[in-house]
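The values are calculated or read from the model by the stated rules, or taken from the named source; none is laboratory data. The shown structure was predicted, so the numbers you read here are calculated from the model rather than taken from an experiment. No Cβ is skipped: glycine too gets one built from the backbone with ideal geometry, and neighbour counts run over all protein chains shown.
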């Protein structure tokens, strides 16, 4: 891989870029776990810290963009390297979005302080764990440039979608039986949707990793974002 | 602007890239309008056509990515030009996402064939128009590299957020009064959320245009994505 690079430290630059992506991924994963923990514990302070912490992700993405511009302008990389640099840029953008979803979940915590009785809520932590794992595994696949690991992440999305569909139906039924919980249930529905979208974004990352490594698109599948839960009633 | 370019046709290449972005923007705007029209007319065929048509946006984004790689590899652009190329790439990514939201709205049309009685539904077309206009204006600002026009788009987001907050409250109240509409109302809530997110994405584009033209970030504002409607009850 090092052949073709005029300057020895190009690979170091690239490694730095990838380290930045990994750092962003770690923060996003923590934000997902933290937001759901804050929700479960009704901890508005922890939730506020997650909202605040999202700025770090924004800052790192901007930093990565600057590095990309510098790297391309200074090194004039060949097409293959260029594709890898642009993949890192794109993946950083997706991680930033994942952070936004986690922040959005955290922002709903203060609105859900009296949601204790809503049973479907108990499914959320498991769903969040499955989602955060997808993010983790997608970034591991990116770091290892491992197309098989990437495919496994794509397969995991089905689990997250199943969680979402179950939750959607459970919350709808719950709302009908307990109209006074409609407001809280609606926020939980949006939280479940945010997690489902995070799963889609992790899948996007995995698809990019797979494509970069093999030159082949992952076969078309029913994307979570588009899998609409059947109307429960 | 042309000074500094070694090859005369670099500007032509750049113009081609920008034309591709404009084409994508036009398609995304049509998809928003079309999805809401399909919803209003209970036209499942029109909705299916919009879902299908989203592939064109995906294809154009992939085409733009290829052009970007070719352009950078062949021309080794200077930092300023590079930033503009990367901005086009980023904006194309945002438009692709806007298309996804429009597709997501269209996918809900078959689930909402018996939503005729739900009053808050009547607000959606006006909200969709305001949103599609934001997308249109953001891309006009991009084409004209006009930071003032970009700022106006950012200001428009407030209107879309107000629509969303009104709809959120109206739908929640409606659900409580008519528990048998909970399922349909939930889908409408997600559609309103999709429109609100489209407004955020249009704002993102406008912010990028503003930054590219002035080097200054648009002042922090209460972002729509994060403006959570107060709990109505």
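Key figures
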{"item": "Check on residue B:151, at pLDDT below 95 and buried (at least 17 other Cβ atoms within 10 Å of the Cβ)", "result": "no"}
{"item": "Total residues in the stretch B:104-136, condition under 17 Å from residue B:172 (Cβ atoms) and part of a loop (DSSP other than H, G, I, E, B)", "result": "3"}
{"item": "Only listed residue being in contact with a helix residue (DSSP H, G or I) (Cβ under 9 Å, 6 or more places away or on another chain) and crowded, with 16+ Cβ neighbours inside 10 Å, chosen from B:79, B:88, B:49", "result": "B:88"}
{"item": "Residue match in the stretch A:117-138 (condition: surrounded by 16 or more Cβ atoms within 10 Å (Cβ to Cβ), closer than 21 Å to residue A:34 by Cα and within 14 Å of chain B (Cβ to nearest Cβ))", "result": "yes"}
{"item": "Qualifying residue in the stretch B:27-40 (condition: within 11 Å of chain A (Cβ to nearest Cβ), in a helix (DSSP H, G or I) and under 30 Å from residue A:88 (Cβ atoms))", "result": "no"}
{"item": "Criterion: surrounded by fewer than 19 Cβ atoms within 10 Å (Cβ to Cβ), modelled with pLDDT under 95, within 14 Å of another protein chain (Cβ to nearest Cβ) and closer than 23 Å to residue B:172 by Cβ - qualifying residue of A:227, A:173", "result": "A:173"}
{"item": "Scope the stretch B:137-187; condition outside any helix (DSSP H, G or I) and more than 23 Å from residue B:15 (Cα to Cα); matching residues", "result": "B:178"}
{"item": "Qualifying residue in the stretch B:101-109 (condition: within 11 Å of the chain's Cα centre (by Cα) and more than 25 Å from residue A:69 (Cβ to Cβ))", "result": "yes"}
{"item": "Among (1) more than 30 Å from residue A:178 (Cα to Cα); (2) modelled with pLDDT under 95 - the single one residue B:136 does not satisfy", "result": "(2)"}
{"item": "Only one of B:84, B:96 that is part of a helix (DSSP H, G or I), closer than 17 Å to residue B:142 by Cβ, within 14 Å of chain A (Cβ to nearest Cβ) and within 14 Å of the chain's Cα centre (by Cα)", "result": "B:96"}
